[in-house]
Every structure is written in structure tokens, then in C-alpha cells.
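> This is the structure, below, for whatever I ask next.
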Amino acid sequence: MENEKELPKYNTKSWFKSLLLGFFIGIGVIVPGVSAAQISIIFKLYDKLTYAIGNILKKFVTCIIFLLPILIGLLIGFVAGFFGVEQLLELSTISLVCLFAGLMLGGTKSIIDEIKGSKLTIKRLSLLIIGLVIPVSISAIFVNVSSLNLASQISDPDWWFYITLFFIAVLVGFTQIIPGLSATSLLMSFGIYGELINSVSFTYWSNSPIVFVLYLILVIGFLVGIISISKLVSYLLSKFKIGFYYFVLGLSISSVVGMFYNPEIVNEYLIFDISTTKSLIEVIIGPILFIVGFILILSIIHFSNKSAKTVDGSSNTI
């Protein structure tokens, strides 16, 4: 049976901290390589967040009060992230992916902190390996099986795509709760991220109004996924915390690899021409942005860990 938790009460400082967490989670939904769950670990609110989402139907008022600033921040971050990423992807997709891959790899520090000092057993090593295999395997399947061209289904979907999209949306919901997984990295693995981004325009809507049905399916599947996986993760954290984080560490590392090996980024490689100014800039800027992202997230983790010492000293208010 899942352990009961008492969600902390907010003061002004902690309310805005949760608002900021929500903002970064909102960005994480739309930005390639940013794991919303990793962000909540960095903010030391992961276990509380999974518990609140998993029990929102059971303890609606208590959970919604806790989630409210996170939801507000999420909405703001999602809108800001969407329009920002849409413009940046048009300028330099590979450079942008390098930046966010650096953020994701640096974010593994927050997961490593959770397993620091633990013994590496055969079971935990197996979980780590399984986590390493999953994201890259998904990418490999969609890169190498040319018949799985899901991007073309966005504007003119066949009947089976509605069912497929629902299950993809459920998986996207999972990514918001399982650290190391990124919603956009997953959508890139399926080859539909860019097309979904491009679909948000008045021209696209007028030419393909069916896309609104796809949006609805995405929302429903997302909610089903995030609520169901939250209950499972909350249980796993209470019973098998260390093993769970070994699995998550594997997912995190493999997801970084998957960012550079998926249908959408492979298409960028195919049109890459070092003789052009844009490609030359990407060769120079990409590695620099990767390092910047890596150092930036490590700095945020360091600052958050220092702040958490003060938070841990308080009793039931965060």
C-alpha cells in the first residue's frame, strides 16, 4: 500500500519557488532534452509532485492547492518555450539540440546524487542497462524503418494514427514524471516533433482542421499518462528508491544519445553541408552550447542543493 504523505503548506517564498518550478517544467514540455522530472528533483520537490498528481482524484483540494503555483508556472513556461523554440529551431536545429543535450547530461548529476554511496548490485546494474537500452532502441527503430513515417500523418491522418497518437501521448505523460525522459526528445524519436510545432499556425489550421482532433487526443492521453504513472512512481520511490534511480540514470544517459540519433535530427544531417555558412557555424557553436548547457545546469543544481539545506531545516512549510 502506498505510504501516505502530508503535502507541505506554502509560504510566500516557497509558493514562488513552486511557480518557478512550474515555469521550467512548462519549458521542459516543449524544449528538446529538458526533463521536467529532473527539474523537480533539482528543486527537491519530486516525491511531493508525484504524490500530488497521483492522488489528485483522491485528495483533490489538498493536491490542487499544492499544484496550483506549479500549474500556473507550467502554462507560462509552455507558451514562452513554444514560441522561443519555434524560432530557434528555424535558425539552427543542431546547435539548439547541442545546448539541450548539455542540459540533460548535466542534469544527471541530480540523479547521481540520489544514489551516491549505494552499492552497485547485479539487480541495480540490470536496471541501469535496461534504462540505457530503451530510448536509443526507440530512436533506432524509427530511424531505420522508413515505412514508419508518422510526420506525414499529422496533416492527413489514417484511422490507426489516432490510436497510435493516444499511446504516444500517454508516453509523453510518462516523460513528465520519469526523470531522464524528455517529452520533446520522445516526439523527436517518433519523428513528429517538428511537424507538431509547425502545425500551430492559422494557415495550417485552415488547411488541416483535423489537427484539432489530434490536439485533443494528445491532451487526453497526456493526462491519462501523467496521473497513472505518478501513482506508480510514488509507490516505487517509497519501496525501491535506489533501484528506481539506477533505471532513471540509464534513461537519462541514453536520452542524450537519442537526441543526436532520431528521425528529425538525422534529416538535418542529410542536408548538412560544411561548405555553407550555416553548417560551419553549427560545427563551431554546437559544442560550445553543449558545454554551456552542461555547466549551467550543474550550477543550478549546486545552488539548489545549498538552498535545500535551509528548506530541510523547516518542518512542514516549504
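The values are calculated or read from the model by the stated rules, or taken from the named source; none is laboratory data. These figures come from a predicted structure and were not determined experimentally. All Cβ positions, glycine included, derive from the backbone under ideal geometry; neighbour counts span all protein chains shown. Just so you know, the surface numbers come from the protein's heavy atoms only, side chains and all, with ligands and any DNA or RNA stripped out. Shrake-Rupley method; radii C 1.70, N 1.55, O 1.52, S 1.80 Å.
> Please pick out the residue among SER126, SER137 that is under 27 Å from ILE192 (Cβ atoms), small (Gly, Ala, Ser) and open to solvent by 30 Å² or more (accessible area, probe 1.4 Å). I'd like the intermediate steps shown before the answer.
Details: SER126 fails: under 27 Å from ILE192 (Cβ atoms).
Only one candidate qualifies: SER137.
> Is it true that PHE222 is without any contact (Cβ under 8 Å) to a residue 60 or more places away in the chain and in contact with a helix residue (DSSP H, G or I) (Cβ under 7 Å, 6 or more places away or on another chain)?
Working: without any contact (Cβ under 8 Å) to a residue 60 or more places away in the chain: yes; in contact with a helix residue (DSSP H, G or I) (Cβ under 7 Å, 6 or more places away or on another chain): yes.
Against the criterion (without any contact (Cβ under 8 Å) to a residue 60 or more places away in the chain and in contact with a helix residue (DSSP H, G or I) (Cβ under 7 Å, 6 or more places away or on another chain)), PHE222 qualifies.
> Now for a different question. Restricting to region 198-207, give me the number of residues that are modelled with pLDDT under 80 and either crowded, with 16+ Cβ neighbours inside 10 Å or part of a helix (DSSP H, G or I) (or both). Spell out the reasoning first.
Taking region 198-207 and keeping what is modelled with pLDDT under 80, we get 198, 200-201.
Pick out the ones that are also either crowded, with 16+ Cβ neighbours inside 10 Å or part of a helix (DSSP H, G or I) (or both) and you get 198.
Total satisfying the criteria: 1.
> On the given criteria, is VAL170 touching a residue at least 12 places away in the same chain (Cβ under 8 Å), over 22 Å from ALA36 (Cβ atoms), among the aliphatic types (A, V, I, L, M) and open to solvent by less than 50 Å² (accessible area, probe 1.4 Å)? Don't jump to the end; show me each part of the working.
Details: touching a residue at least 12 places away in the same chain (Cβ under 8 Å): yes; over 22 Å from ALA36 (Cβ atoms): no; among the aliphatic types (A, V, I, L, M): yes; open to solvent by less than 50 Å² (accessible area, probe 1.4 Å): yes.
When the stated conditions are applied, VAL170 does not pass them.
> Farther than 14 Å from ILE177 by Cα, buried (at least 17 other Cβ atoms within 10 Å of the Cβ) and modelled with pLDDT of 85 or more: does that describe PRO32? Spell out how you get there, then give the answer.
Working: farther than 14 Å from ILE177 by Cα: yes; buried (at least 17 other Cβ atoms within 10 Å of the Cβ): yes; modelled with pLDDT of 85 or more: no.
Spelling it out, it is not the case that PRO32 is farther than 14 Å from ILE177 by Cα, buried (at least 17 other Cβ atoms within 10 Å of the Cβ) and modelled with pLDDT of 85 or more.
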